[in-house]
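Participant: Mind looking over this structure? Questions follow.
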Amino acid sequence: MKKKIICLTAAAVYALVIIAAAIMISANSKLDLVANHAVESFKSLGEEIGLGGYDKRLYEVYSPDGTEIFSYGESVRLTVDIGRFAAAGLDPDKLAGQAAVEDSRLTIISNQVESVASVNARGVFDVFETLLRSNRHALEYHMEHDLFELHLGGGNTFRWAKDWRTNTRGMTFVLNPRPFIDAGLEPKNLEGWVSANIRMMLGPEIGQTVPRLLKNYSFAEK
């Protein structure tokens, strides 16, 4: 009888441990406030500006003037209009690394963010949440500017404000200028983009101040 009681007690304890572990795993995702707020703010911004339809197994976030695109799904990429870069001296034939020319656009495919295996029959924001939570290492929150940043590798990132209604940095495309400079680009002649030195808080350049090209859009309410 005592053996049966001991066995039952052990089984009950084991079951409780399994249940507690499952609860902790579930709670961990919900207690990640940075990821939670990043998803919520992206959804708020997306509902305001509208997101591009499901195309080429990707969802697309267009800049207001349509010259830049952040795409995610079965790959993650930034796309920019090649016209302004070519006008500033870029020779597309000299590009190397992540950047490639597709349909008169420069496309930079992430080599750091793991894509979402399948986006069929899934909502645009559900896919984005899956993307962020499975790539938590690449997500950063900037307290100083109150925005989130997804690092795509190679010094290229996509930023969005925690609150687009009050933050003038509503959505920002960030590029590492080095590959473009090596291909002939003169940053000072690049229309619509700003050159800035940014202190890195994530990735292989952490702690360093590095040059970047930024294209920002504000949706702040006046």
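Participant: Could we say that Ile206 is surrounded by fewer than 21 Cβ atoms within 10 Å (Cβ to Cβ), in a strand (DSSP E or B) and modelled with pLDDT under 95 here?
Facilitator: On the way: surrounded by fewer than 21 Cβ atoms within 10 Å (Cβ to Cβ): yes; in a strand (DSSP E or B): no; modelled with pLDDT under 95: yes.
Spelling it out, it is not the case that Ile206 is surrounded by fewer than 21 Cβ atoms within 10 Å (Cβ to Cβ), in a strand (DSSP E or B) and modelled with pLDDT under 95.
Participant: Of the numbered conditions (1) loosely packed, with under 14 Cβ neighbours inside 10 Å; (2) of a type outside the set (Asp, Glu); (3) at pLDDT 90 or above; (4) assigned to a strand (DSSP E or B), Gly53 satisfies every one except a single condition; which is it?
Facilitator: For Gly53, the failing item is (3).
Participant: Looking only at the range 30-42, count every residue that is among the charged types (D, E, K, R) and loosely packed, with under 15 Cβ neighbours inside 10 Å and tell me the total. Walk me through it before giving the result.
Facilitator: Of all residues in the range 30-42, those among the charged types (D, E, K, R) come to 30, 32, 40.
Subset that is loosely packed, with under 15 Cβ neighbours inside 10 Å: 30, 40.
Residues flagged as among the charged types (D, E, K, R) and loosely packed, with under 15 Cβ neighbours inside 10 Å within the range 30-42 amount to 2.
Participant: Hey, does the range 157-169 have a residue that's in a loop (DSSP other than H, G, I, E, B), modelled with pLDDT of 95 or more and within 14 Å of the chain's Cα centre (by Cα)?
Facilitator: yes
Participant: A further question follows. Of all residues in the range 151-182 being surrounded by fewer than 19 Cβ atoms within 10 Å (Cβ to Cβ) and of a type in the set (Lys, Arg), which is nearest to Asn111 (Cα to Cα)? Before you say what the answer is, go through the steps one by one.
Facilitator: Filtering the range 151-182 for residues surrounded by fewer than 19 Cβ atoms within 10 Å (Cβ to Cβ) gives 163, 165-168, 177-178, 181-182.
From what is left, the residues that are of a type in the set (Lys, Arg) are 165, 178.
Values: Arg165: 32, Arg178: 17 Å.
Out of the qualifying residues, it is Arg178.
Participant: Looking only at the range 177-187, count how many residues are at pLDDT 95 or above and in contact with a Gly (Cβ under 7 Å, 6 or more places away or on another chain).
Facilitator: Counting residues in the range 177-187 that are at pLDDT 95 or above and in contact with a Gly (Cβ under 7 Å, 6 or more places away or on another chain) gives 3.
Participant: Would you pick out the residues in the range 60-98 that are hydroxyl-bearing (Ser, Thr, Tyr) and either farther than 21 Å from Gly155 by Cα or touching a residue at least 40 places away in the same chain (Cβ under 8 Å) (or both)? So that I can check it myself, show each step before the final result.
Facilitator: Let us first name the residues in the range 60-98 that are hydroxyl-bearing (Ser, Thr, Tyr), namely 62-63, 67, 71-72, 75, 79.
Result: Ser63, Thr67, Tyr72, Ser75.
Participant: Please go through the range 136-162 and give me each residue that is farther than 11 Å from Ala38 by Cβ and either among the charged types (D, E, K, R) or free of Cβ contacts under 8 Å to residues at least 40 places away in the same chain (or both), ordered by number.
Facilitator: His137, Met143, Glu144, His145, Asp146, Thr157
The values are calculated or read from the model by the stated rules, or taken from the named source; none is laboratory data. What you see is a predicted model; the values in this text were computed from it and never measured. No Cβ is skipped: glycine too gets one built from the backbone with ideal geometry, and neighbour counts run over all protein chains shown.
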